[in-house]
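The values are calculated or read from the model by the stated rules, or taken from the named source; none is laboratory data. Bear in mind the structure is a predicted one, so any value in this text is a computation, not a measurement. All Cβ positions, glycine included, derive from the backbone under ideal geometry; neighbour counts span all protein chains shown.
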Amino acid sequence: MKKIPHRIYLTEEHMPKQWYNIRADIGEIPPMLNPKTLKPITVDDLSLVFTKVAAEQELDTKNAFIPIPDEIRDRYFAYRPSPLVRAYNLEKSLGTPAKIYYKHEGNNTSGSHKLNSALAQAYYAKEQGIKSLMTETGAGQWGTALSEACANFGLELTIFMIKSSVAQKPYRKVIMETLGSKVIPSPSQTTEAGKRILADNPDSPGSLGCAISEAVEASMRDEYSRYALGSVLNHVVLHQSVIGLESKIALEMYDEYPDVVIGCAGGGSNLAGLIAPFVRDKVKGKGGPRIIASEPISCPSLTRGKYAYDFCDVQKVTPLTKMYTLGSSFIPATSHAGGLRYHGMSQIVSKLYADGIMEAVAFGQAKVFESAVYFAKNENILPAPESAHAISAAIDLALECKKTGEAKTILFGLTGLGHFDMTAYANYNDNLLSDGSPTDEELEVSFSKLPDIRR
């Protein structure tokens with residue numbers, strides 16, 4: 001076995017020329033449904049909201065590999081391939097025989113993996129003649145990434161940012177505006193959806209479901225405007241597959257293969273992108289690692305949700321999707337992992353979880369920040385609260401290896417940096433974090449509102 005350096009840097013020649021479409025290999029997924037007709041959604045339906053190419057990619061079940069346009073690869077080269085890091089110092093501190101690797105996706109202004117899909121969606125909008133995009137953002141990483149992408153391709157951008165996240169991460173708003181975007185705290189009075197939400201709850205902290213409703217409504221006002229989503233959907237998972245493809249190439253260079261792959265889970269795109277090539281190994285009968293999704297106890301879509309058809313937004317204007325969901329009316333407790341505060345989960349991740357191909361765990365904020373600080377002290381990188389959910393799961397597994405003596409190889413996704421999360425870290429330092437986990441009764445109220453659709 002080759003000696004493994006701390007950081008494995010790939011070169012441009014290693015950067016994938018194709019995205020991997022996981023849908024082509026994992027079997028039939030229950031179709032998205034038109035909310036008005038309850039018939040399977042079509043490319044023409046989706047093209048009213050998304051770009052035509054994004055709509056086509058969303059429903060593609062045949063092509064396992066889809067070429068990455070040269071213009072997008074040229075933009076990727078500014079920050080990709082991203083390094084795969086061996087966490088030697090973390091391993092030593094834990095006293096574990098496990099080998100821990102993380103895929104570091106923070107090397108761009110958003111400090112996250114989100115730019116992988118933002119560049120693709122902005123490029124396809126520009127090619128179609130679209131003038132402006134509308135979107136939502138939770139923690140602000142997606143909004144920042146799409147701001148970068150729209151600046152690259154000369155598009156206008158309006159962002160509906162969860163109101164509680166605007167308060168927690170004010171400088172995220174500043175950086176988006178610096179890049180030329182308009183940022184509106186959500187729920188707002190600028191859309192009918194926002195007005196209805198505020199009429200019901202004037203003090204609503206907002207949620208991704210609320211912000212999606214507003215962004216979709218705003219995008220429908222102009223034929224030269226479209227909506228762009230940063231997670232959940234199949235075409236976003238497709239774009240994020242570069243994370244897993246690069247990870248596998250880097251490990252193969254050193255004759256390594258993971259026993260476990262771990263990702264944080266909110267909407268599911270970074271997780272699905274990281275695990276994509278390893279899932280392909282599993283479904284093709286080539287072995288494959290144990291796969292773990294790590295989510296917050298405040299928004300436990302996988303660990304406590306139902307696998308059912310539901311709307312992707314609060315105002316029920318989006319397609320119906322069969323997914324693990326807490327109900328589109330569910331508003332999670334305010335937490336610092338704003339990017340994981342979504343009531344549902346990716347179709348692909350939901351399918352894999354339902355089929356037993358992956359498992360899930362949930363953590364509270366105190367545990368997550370304890371892991372984040374421990375990681376920062378050993379690896380000199382301050383992680384985003386979302387990424388710290390994967391770190392928590394990786395540390396727990398490494399400590400299990402310490403007890404059993406097993407030298408497992410662990411790979412996790414470091415999806416973003418925590419430099420804009422100082423309020424969160426300050427609250428952790430001052431012992432002010434609380435864990436708002438929904439009660440069974442609260443979830444049952446939300447589940448009772450799920451659409452009555454059996455397929």
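Pull up segment 123-133, narrow it to residues that are touching a helix residue (DSSP H, G or I) at 6+ places or on another chain (Cβ under 7 Å) and over 19 Å from THR178 (Cβ atoms), then point me to the one that is surrounded by the fewest Cβ atoms within 10 Å (Cβ to Cβ).
GLN128
When you go through SER371, SER298, SER328 one by one, which is the residue that is among the polar types (S, T, N, Q), at pLDDT below 95 and surrounded by fewer than 24 Cβ atoms within 10 Å (Cβ to Cβ)?
Being among the polar types (S, T, N, Q), at pLDDT below 95 and surrounded by fewer than 24 Cβ atoms within 10 Å (Cβ to Cβ) holds for just one of SER371, SER298, SER328, which is SER298.
Within segment 88-105, can you find the residues that are assigned to a loop (DSSP other than H, G, I, E, B) and either touching a His at 6+ places or on another chain (Cβ under 8 Å) or modelled with pLDDT under 95 (or both)?
Passing the criteria: only GLU105.
Test ILE212 against the criterion of being in a helix (DSSP H, G or I) and either outside the structural domain of SER350 (by TED's automatic domain parsing) or among the aromatic types (Phe, Trp, Tyr) (or both), and give yes or no.
Answer is yes for this residue.
If you check HIS389, HIS343, which single one turns out to be touching a Phe, Trp or Tyr at 6+ places or on another chain (Cβ under 9 Å), closer than 30 Å to LEU38 by Cα, of a type outside the set (Val, Ile, Thr) and crowded, with 22+ Cβ neighbours inside 10 Å?
HIS343
What do you reckon, is ALA139 modelled with pLDDT of 95 or more and small (Gly, Ala, Ser)?
No; evaluated as a whole, the condition is false for this residue.
Please go through segment 9-30 and pick out each residue that is part of a loop (DSSP other than H, G, I, E, B), in contact with a Lys or Arg (Cβ under 8 Å, 6 or more places away or on another chain) and not hydrophobic (A, V, I, L, M, F, W, C).
LYS17, ASP25, GLY27, PRO30
If we scan segment 55-64, do we find a residue that is of a type in the set (Asp, Glu), over 29 Å from ILE357 (Cβ atoms) and either touching a Ser or Thr at 6+ places or on another chain (Cβ under 6 Å) or not in a loop (DSSP other than H, G, I, E, B) (or both)?
No, segment 55-64 has no match at all.
Given the condition within 30 Å of GLU71 (Cβ to Cβ), touching a Leu at 6+ places or on another chain (Cβ under 7 Å) and at pLDDT 95 or above, answer yes or no: does some residue in segment 166-178 qualify?
no
Give me the residue from segment 407-432 that is surrounded by 14 or more Cβ atoms within 10 Å (Cβ to Cβ) and over 23 Å from the mean Cα position of the chain (by Cα) and, out of that set, farthest from LEU251 (Cα to Cα).
The extreme case among them is ASN427.
Report, ordered by the first and then the second residue, all pairs with beta carbons closer than 8 Å, sequence separation of six or more or different chains, a first member in segment 188-214 that is at positive phi, and a second member that is among the polar types (S, T, N, Q).
Once the first residue is at positive phi and sits in segment 188-214, its partners that are among the polar types (S, T, N, Q) give GLY206/SER164; GLY206/SER165; GLY206/SER186.
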